[in-house]
1. Which of the residues that make up segment 92-141 are polar (S, T, N, Q) and under 13 Å from Val14 (Cα atoms)?
2. Quick one: which of Thr79, Thr103, Thr65 is over 30 Å from Ser3 (Cβ atoms), within 23 Å of the chain's Cα centre (by Cα) and in contact (Cβ under 8 Å) with a residue 60 or more places away in the chain?
3. Restricting the first residue to segment 123-141 and requiring it to be over 15 Å from Thr100 (Cβ atoms), which pairs with a second residue that is at pLDDT below 90 and among the hydrophobic types (A, V, I, L, M, F, W, C) meet a Cβ separation below 8 Å and a spacing of at least six or different chains?
4. So, Ala86, is that one modelled with pLDDT of 85 or more, under 21 Å from the mean Cα position of the chain (by Cα) and under 30 Å from Gly122 (Cα atoms) or not?
Amino acid sequence: MESPDGRTWRVARVWLSRRPRWRGRDLPKSLNLDNAGDLAEGCVDLEAFLFAVIAIVVAVLLWYTVLPALLLGFEVLVTLLFAAGAVLGHEVLRRPWKVTATTEGPPPERVEIPVVGWRASGAHVQQVAWRIAETGDPLPR
């Protein structure tokens, strides 16, 4: 949403304080293959060499893609369980939800407003968005 001063704001209710992230390593940007011919000169058995190359490629693919994907899936599952617990905790224990309004700026700004109740926090998100669109400020002055 855009305010009258031209800054773009994002207004939302915070579900979790942390998001799942990719824990794998990035593949190397460049590979040095200048001496690749030297590696094949000493090999006597071509089948063993090809098997070794395929095994290395499979191991690299497992290390860089499958294992991080499994870890990400596990972390997403745990995050969903925590999110369900967070919703129950907020509603049963009447803990306030955080309504945030953030902008990259200039100048960058972040405002957090605690609001008790699911419906009230949803209504407050709309009120803050309207207030930003009208006055450019997320807080009433």
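1. Selection gives Thr100, Thr102, Ser121.
2. Thr79
3. Ala133/Met1
4. no
Yes or no, residue by residue, for (1) touching a Lys or Arg at 6+ places or on another chain (Cβ under 7 Å); (2) aliphatic (A, V, I, L, M); (3) surrounded by 10 or more Cβ atoms within 10 Å (Cβ to Cβ); (4) at pLDDT 85 or above:
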position	(1), (2), (3), (4)
Pro20	no, no, yes, no
Arg23	no, no, yes, no
Gly42	no, no, no, no
Leu77	no, yes, yes, yes
Thr102	yes, no, yes, yes
Ala123	no, yes, yes, yes
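The values are calculated or read from the model by the stated rules, or taken from the named source; none is laboratory data. Predicted model only: the values in this text are computed from it and were never measured. All Cβ positions, even for glycine, are placed from backbone atoms using ideal geometry, and neighbour counts span all protein chains on display.
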